[in-house]
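> The structure that follows is given in the form of structure tokens.
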Amino acid sequence: MKVRDIRLETLDCVSIRFEVPPTLKPEYEFLPGQHLTLKTDLEGKEVRRSYSICASPLEDELRVAVKQVVDGAFSSFAKETLKIGDELDVMTPMGNFTLETSPQNRKHYVAFAAGSGITPVISMLKSVMRNELTSHFTLFYGNRTTESIIFRDEIEDLKNEYLTRLSVHHVLSQEDLGADLFLGRIDVEKSRMFCTKLLDISDVDAFYLCGPEAMIFSVKDTLLDLGVDEKIVHFELFTTPGAAVASSKNWSPDPKLTASKITVTLDGNTFTYNHLHPTETILDAASKSVADLPFACKGGVCCTCKAKLLQGEVEMEVCYGLEKEEVEAGYILTCQAHPKTEEVVLSFDE
Ligand code: FES
């Protein structure tokens, strides 16, 4: 897809709008909160990264935000080199961290975001404000300073436009706005104060958390501790691309299992290969042996590599991206899955 527009959102964040060819529009329809996986070659190496869509489906644009990270190959390329008119491979929208709006809804949504974690949240926020005329949205948004607030002007404009239905609380770790409550990071203590002093949590229909691991689990623990039903707490972890997630260190291979026969169905084709190295994930081993399987983050977050387990057992190192119901229905993340039985059958088509 051609890059139609690039906007500098903060000193280290750009948003990129794509030109969606009219014939592809139906395939690129998305729900608020979903992401796109972008693919390109950088210095002869294929690089894939997932970025959340920051536009609302009610706006006629497909736009993602990319925050530059230290040593981030793709994010630096996007910030420094990418130009309007360049082309990138863009996979169709994916992801479970979504908020479906309906004009009939009369709800109160609360989001906790930090840094670039605002990207899917702003899509949700705009969609709720525009499509649910009696719903409320409360946003707690953590950053270092005012300067590092992504979409600062857009959030301000939305606040002014929807004065009675949208509440925004900025929480800054390195700038004092004059109120202790909003100085620091969104941690257990702060989120408890927000939930008890600024919210009536019994009146909240859904919570959306997006940002780094520490923030997500602090807020989630606080909410569960305060008696909030886990089913209404949705979260998406934003990790540095390629970085291992903490709990992956807990996994170790089964010494008794030396090899497994793996059967994979993708786009109607079925392949079989011998999985000889238990430390390899099914995604890596299958991609080497039989076919290019879909992936993006390889960190158990984006779900691009999701498949359904039809036979056998696997063990996942981490599984942040899947909902509990999906795991119960047999879905796995192949970038995190290692075989646990001598025969494993899975499909990307279900
Ligand atoms: S590639 Fe992102 S969860 Fe597997």
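The values are calculated or read from the model by the stated rules, or taken from the named source; none is laboratory data. The shown structure was predicted, so the numbers you read here are calculated from the model rather than taken from an experiment. Note: ideal-geometry Cβ built from the backbone for every residue, glycine included; neighbour counts use all protein chains shown. To get the accessible areas, we keep the full protein, side chains included, count just its heavy atoms, and leave off ligands, DNA and RNA. Shrake-Rupley method; radii C 1.70, N 1.55, O 1.52, S 1.80 Å.
> Can you name the residue in segment 142-180 that is under 19 Å from Gly117 (Cα atoms) and among the acidic types (Asp, Glu) and, of all such residues, is surrounded by the fewest Cβ atoms within 10 Å (Cβ to Cβ)?
Among them, the one singled out is Asp153.
> Identify, please: which residue in segment 26-72 is under 18 Å from Asp12 (Cβ atoms) and aliphatic (A, V, I, L, M) and is, among those, modelled with the lowest pLDDT?
Val70
> Within segment 34-51, is there a residue that is within 16 Å of the ligand (Cβ to nearest atom), more than 19 Å from the chain's Cα centre (by Cα) and not assigned by TED's automatic domain parsing to the domain that holds Thr304?
There is at least one residue in segment 34-51 that is within 16 Å of the ligand (Cβ to nearest atom), more than 19 Å from the chain's Cα centre (by Cα) and not assigned by TED's automatic domain parsing to the domain that holds Thr304.
> On to the next question. Taking segment 300-311 as the region of interest, how many residues are more than 6 Å from the ligand (Cβ to nearest atom) and either modelled with pLDDT under 85 or open to solvent by 10 Å² or more (accessible area, probe 1.4 Å) (or both)?
Here the count works out to 5.
> Have a look at Glu61, Glu100 and point out the one that is of a type in the set (Asp, Glu) and either within 19 Å of Phe207 (Cα to Cα) or open to solvent by less than 30 Å² (accessible area, probe 1.4 Å) (or both).
Going through Glu61, Glu100 in turn, the sole match is Glu100.
> A further question on this structure: Looking at Ala214 and the list (1) in contact with a Cys (Cβ under 9 Å, 6 or more places away or on another chain); (2) of a type in the set (A, V, I, L, M); (3) open to solvent by 50 Å² or more (accessible area, probe 1.4 Å), which single condition is not satisfied?
(1)
> For segment 312-328: of the residues being in a loop (DSSP other than H, G, I, E, B) and crowded, with 17+ Cβ neighbours inside 10 Å, which is nearest to the ligand (Cβ to nearest atom)?
Gly321
> Looking for something touching a helix residue (DSSP H, G or I) at 6+ places or on another chain (Cβ under 7 Å) and within 16 Å of the ligand (Cβ to nearest atom) - is there at least one such residue anywhere in segment 290-299?
yes
> Kindly establish whether Val188 is open to solvent by less than 70 Å² (accessible area, probe 1.4 Å) and at pLDDT 95 or above.
No, not satisfied.
> Answer yes if at least one residue in segment 22-33 is free of Cβ contacts under 8 Å to residues at least 40 places away in the same chain, outside the structural domain of Glu213 (by TED's automatic domain parsing) and in a strand (DSSP E or B), and no otherwise.
no
> When you look at Thr40, is it polar (S, T, N, Q), within 16 Å of Thr81 (Cβ to Cβ) and without any contact (Cβ under 8 Å) to a residue 60 or more places away in the chain, yes or no?
yes
> Considering only segment 267-289, state which residues are open to solvent by 50 Å² or more (accessible area, probe 1.4 Å) and either in contact with a Cys (Cβ under 9 Å, 6 or more places away or on another chain) or near the ligand (Cβ under 9 Å from one of its atoms) (or both).
Answer for segment 267-289, where residues must be open to solvent by 50 Å² or more (accessible area, probe 1.4 Å) and either in contact with a Cys (Cβ under 9 Å, 6 or more places away or on another chain) or near the ligand (Cβ under 9 Å from one of its atoms) (or both): just Asp284.
> Okay, moving on. With (1) at pLDDT 95 or above; (2) more than 16 Å from the ligand (Cβ to nearest atom) as the list, and Glu350 as the residue in question, which single condition is left unmet?
For Glu350, the failing item is (1).
> Quick one: which residue in Ile150, Ile122, Ile118 is part of a loop (DSSP other than H, G, I, E, B) and among the aliphatic types (A, V, I, L, M)?
Only one candidate qualifies: Ile150.
> One residue is enough: does segment 329-343 have a residue meeting the conditions over 22 Å from the mean Cα position of the chain (by Cα), away from the ligand (no atom under 12 Å from the Cβ) and at pLDDT below 90?
Looking through segment 329-343, none of the residues is over 22 Å from the mean Cα position of the chain (by Cα), away from the ligand (no atom under 12 Å from the Cβ) and at pLDDT below 90.
> Moving to a separate point now. Please go through segment 115-141 and give me each residue that is open to solvent by 20 Å² or more (accessible area, probe 1.4 Å) and at pLDDT 95 or above, ordered by number.
If the condition is that a residue be open to solvent by 20 Å² or more (accessible area, probe 1.4 Å) and at pLDDT 95 or above, then Arg130, Asn131, Leu133, Thr134, His136 are the ones that fit.
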